[in-house]
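The values are calculated or read from the model by the stated rules, or taken from the named source; none is laboratory data. Quick caveat, the model's predicted, so the values are computed rather than measured. All Cβ positions, glycine included, derive from the backbone under ideal geometry; neighbour counts span all protein chains shown. We work out accessible area using only protein heavy atoms, side chains counted, and drop any ligands, DNA or RNA first. Shrake-Rupley method; radii C 1.70, N 1.55, O 1.52, S 1.80 Å.
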Amino acid sequence: MENPVNNIKDPKVRSYFEEITKKRPHATQLSGDEFEEGVNQFIDGLDKVLAEGAEMIARAKLGDVPEAISFSYIAKKYFGKSRGWLMQKVNGNMVNGKQAAFTEDERKQFRAALQDISKQLSIVAQTF
């Protein structure tokens, strides 16, 4: 089997990686099924990281909105749920050992709720 370090053209970089690979034990040979399972587990892990990142971005986008408008009102009117339920979803709290998160339908419903409230606020603001 060819040493992948041989493909590195820059002598300084090649030397660095040769030193690193000398210190590591030889890789274990895996069957095709073992390799595929490892790749699938790796992909699952990446999917989880991406999902968590998306939730963090969504929370960051909300900024001060939870303080500016009534999440209790949104939870009751648009979801028929409690403020606590909505805040668990927004904050990604651990609930029964799992991180609370919006389903895609709930995310769409929340977006629609915010848009509806935005329209209502715009109408009121124009009358003043």
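For the reader, a short list of remarks on this structure follows.
- Model label sites at ARG59 and THR103, defined 7 Å from Cα along the beta-carbon direction, differ in position by 2.2 nm.
- Accessible surface of the range 62-125 [probe 1.4 Å, protein heavy atoms]: carbon and sulfur percent: 52
- Highest-first packing order for the peptide set 36-42, 97-103 is 97-103, 36-42, based on the mean count of other beta carbon atoms within 10 Å.
- For the range 52-128, accessible area per residue (1.4 Å probe, heavy atoms of protein chains only), Å²: 70
- Placed amide H near LYS81: partners under 5 Å, 5+ positions off or other chain: LYS76
- With semi-axes defined as the square roots of five times the eigenvalues of the C-alpha gyration tensor, the equivalent ellipsoid of the range 9-128 measures 49, 20, 12 Å, largest first.
- Taking amide H as placed 1.01 Å from N in the peptide plane, VAL95 has its amide H under 5 Å from the amide H of ALA100, each at least 5 places away in sequence or on another chain.
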